[in-house]
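Just below is one structure, and these are the notes that go with it.
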Amino acid sequence: MSKTQRTCVGWREWVCFPDFGGFHVKAKVDTGAKTSALHAFFVEPFTRDERQWVRFGLHPKQGTDEPEVICEAPVKDQRTVTDSGGHKEERYVIETAIQIDSSTHLTELTLTNRESMLFRMLLGRNTLAGHFQVDPEQSFLCGGSKENHEAP
């Protein structure tokens, strides 16, 4: 896809998760983060069909613990991730479809507790590369879930 065909996103966008029931999460577009990160208030590994899986809980709406969404996904990897404060954390990595605007892409996400963070998700370079260009002066260029829309 050429640069002129890439979808333009703002510094924050609504992201839909069709594999997990179609809920929306407000995400901060973060070109400084290599891998995208998704809030999970718990992560439980388990085995299914001789493969490692994780069950994890999400609170997709910022500032509240309702609704509570429980998801399951195969584990793609485990990685040590260094956050913006320099802290290292071992995280599970899953691969799932995300939808932004009318396009759906398979992407890797690390699972981590982002309860105290302003956004429940970070869209990192692994998700942006080849699909999106960023206009840091804009927000919600791709529309999204109006019922989930709250500050900031």
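Details
- You will find that of Ser145, Ser116, the residue that is among the polar types (S, T, N, Q), loosely packed, with under 15 Cβ neighbours inside 10 Å, under 18 Å from Pro67 (Cα atoms) and at pLDDT below 95 is Ser116 and no other.
- Residue list for the stretch 84-103, restricted to those being charged (D, E, K, R), within 15 Å of the chain's Cα centre (by Cα) and more than 22 Å from Arg51 (Cβ to Cβ): Asp101
- Residue check, Phe132 crowded, with 18+ Cβ neighbours inside 10 Å, among the aromatic types (Phe, Trp, Tyr) and either in contact (Cβ under 8 Å) with a residue 12 or more places away in the chain or more than 18 Å from His39 (Cβ to Cβ) (or both): yes
- Close pairs (6 angstrom Cβ cut-off, 6 or more residues apart or separate chains): surrounded by 13 or more Cβ atoms within 10 Å (Cβ to Cβ) in the stretch 72-97, not in a strand (DSSP E or B) anywhere: Tyr92/Val75; Val93/Lys76; Ile94/Lys76; Glu95/Lys76; Thr96/Asp19; Ala97/Pro18; Ala97/Asp19
- Residues that are more than 19 Å from His59 (Cα to Cα) and in contact with a Leu (Cβ under 9 Å, 6 or more places away or on another chain) occur in the stretch 102-116; there is at least one.
- In the set (1) touching a strand residue (DSSP E or B) at 6+ places or on another chain (Cβ under 8 Å); (2) within 28 Å of Gly130 (Cβ to Cβ), Lys34 fails one condition alone, (1).
- Taking the criterion of being in contact with a helix residue (DSSP H, G or I) (Cβ under 9 Å, 6 or more places away or on another chain), assigned to a loop (DSSP other than H, G, I, E, B) and either over 16 Å from Met117 (Cβ atoms) or of a type in the set (Phe, Trp, Tyr) (or both), the residues of the stretch 12-69 that qualify are Thr31, Lys34.
- Positions within the stretch 26-60 being of a type in the set (Asp, Glu) and either exposed (fewer than 14 other Cβ atoms within 10 Å of the Cβ) or at pLDDT 95 or above (or both), in sequence order: Glu44, Asp49, Glu50
The values are calculated or read from the model by the stated rules, or taken from the named source; none is laboratory data. None of the values given here were measured: they were computed from a predicted structure. Here Cβ is always computed from backbone atoms with ideal geometry, including for glycine, and neighbour counts include all displayed protein chains.
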